[in-house]
1. Could you check Ala68 against (1) in contact (Cβ under 8 Å) with a residue 24 or more places away in the chain; (2) surrounded by 13 or more Cβ atoms within 10 Å (Cβ to Cβ) and say which number it fails?
2. Here are the criteria: (1) in contact (Cβ under 8 Å) with a residue 40 or more places away in the chain; (2) part of a loop (DSSP other than H, G, I, E, B); (3) out of contact with any helix residue (DSSP H, G or I) (no Cβ under 7 Å at 6 or more places or on another chain); (4) surrounded by fewer than 22 Cβ atoms within 10 Å (Cβ to Cβ). Tell me which single one Ala270 does not satisfy.
3. Mind checking which residues of the stretch 373-389 are touching a His at 6+ places or on another chain (Cβ under 8 Å) and either part of a loop (DSSP other than H, G, I, E, B) or buried (at least 19 other Cβ atoms within 10 Å of the Cβ) (or both)?
4. Here are some conditions: (1) in contact with a Phe, Trp or Tyr (Cβ under 6 Å, 6 or more places away or on another chain); (2) under 30 Å from Ile50 (Cβ atoms); (3) of a type in the set (A, V, I, L, M). Ala161 meets all but one. Which one does it not meet?
5. Can you spot a residue in the stretch 74-82 that is closer than 21 Å to Gly148 by Cβ and part of a strand (DSSP E or B)?
6. Please work out which residue is farthest from the chain's Cα centre (by Cα), limiting yourself to the stretch 390-426 and to residues that are among the basic types (Lys, Arg) and surrounded by fewer than 16 Cβ atoms within 10 Å (Cβ to Cβ).
7. Can you find, within the stretch 200-233, the residue that is farthest from the chain's Cα centre (by Cα) among those that are in contact (Cβ under 8 Å) with a residue 40 or more places away in the chain and surrounded by fewer than 17 Cβ atoms within 10 Å (Cβ to Cβ)?
8. On the basis of being in contact (Cβ under 8 Å) with a residue 24 or more places away in the chain, touching a strand residue (DSSP E or B) at 6+ places or on another chain (Cβ under 6 Å) and closer than 30 Å to Arg383 by Cβ, does Thr184 make the cut?
Amino acid sequence: MVWVVKLEEVLDGKVVSRRKVMTIDRPTVISNIEDVGLRVADGKALLSCIQQVLVASQFEHDAERRVACPVCARRQQLKDYRTRTFDTVYGRVTVRRPRFRCERCGPSSVKLAGQSTPEFDAVRAKLAAHLPYRVVSEVLRELLPVDGGITPTTIRNRTFAVAERIGQAWTASSPAIVPLAAETLTCGLDTAFIRSTTPQKNRHHSVLVGVVEKGRRRRAFAGIQSESRSVTRLIRTHLESMGYTDSTMLTVLTDGDEGLRNLVRKATRATIDPVLDWFHIAMRIQHMRQTAKGLKTRVRTHVEAKRAIQEELERLHWRLWHGRTDSVNQSLSTLAHSIRRFRYHRKRHRRMTEAPRSLWVMLHELQRYVKNNDVVITNYHRRQRDGLRAATSLVESSVNSLVNHRMNKRRQMRWSEHGAHQLLQVRTAVLTGEFERLSLPSERAGVRDRIELAMAA
């Protein structure tokens, strides 16, 4: 059985042309599942043929309408033809575009900037936000009728170009909906590390990951922090997008790094309310619990000492949760006697001293950590009771989703400072659902928004 695919061009309600696009031959007797429907090669060829016919017709009508001078409306003279090649989602298109010249006004032409459509750039960048550039090239070659602009280098360059547009949309353009001024905001910051392409200079790049929270609304961001690149403008931009003003009370949750809090102070040029993240305190106590759980109890006195250590660690957890920073000193003096009891045992149980020694070191490290951050430790129980955030669990999740899943983990890659920063901007826009609005032109994004609203209705 043969199907003939034709395109009809309709202008003002009348069919002005009819063109044969493609002939498809498929069997009428279905002997196996492979005979059902179109194949990938047929679909790719069909889309490519339709694109060629459609673009050629567009440029023909465009040439007819540009004969008249846009200034004086006089008929222009044909100057010459120029060949232009465009990379689109459905293949590379080559056309001959006429250039006109008006005797009174001079040459007049509408320049088409770029060698690929913005939609094709957006498709490549969106895939590159999740997959390596080489894998993106293979996926595009397998699924779409593209024969140009799909090398890994080109995909990387076009992704960087999309990242530049996203950065300009974030900083220069005003949002479509101006956010209301926020009375309080919570900003959580953390740092991740990715491998550098220049290990002789620095082995890793520092990635700042943050989450701004206002009620149930959240906004994540990420960027490379180095001597030549500052993320203070990025922090300020995302804070303002959530309604930050000079009168907003900003709470900053960090892991104890004063440099992160100084970045927010530099970005806002105002006072902040710093709070130490409870997650990092709780993890230190959890490690001590696990070590205490592994203490040997072959001697009767060790059974009593292990029970006393576990009970005191529970008290230490409760005191720190309620903001009592002096609890570490109290627990240190209480646990000292119980830990020393593991020193007295028979000779064949010599290995019993390893776990108590580790527990003793962890306790002193916790004491030093709490002492250095005594000012920023608060009553976390009261914050949770008042509906305020006490830990940066959302930031830890953002580190995994924005950085580790694409740049670390099983993908053992090395990154340049510029390349990592640009890809982070694209990946952040994709995961926050703002990629279409920020990367595509306003007209195309508006059309897509209207389509989504219509489908939702």
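1. That leaves (1) as the condition not met.
2. For Ala270, the exception is condition (1).
3. Within the stretch 373-389, Asn379, Tyr380 qualify.
4. For Ala161, the failing item is (1).
5. yes
6. Per the stated criteria, the residue is Arg410.
7. Ser228
8. Judged against the criteria, Thr184 is a match.
The values are calculated or read from the model by the stated rules, or taken from the named source; none is laboratory data. Quantities reported herein were computed from a predicted structural model and do not represent experimental measurements. Note that we place each Cβ from the backbone using ideal geometry, even for glycine, and neighbour counts take in every protein chain shown.
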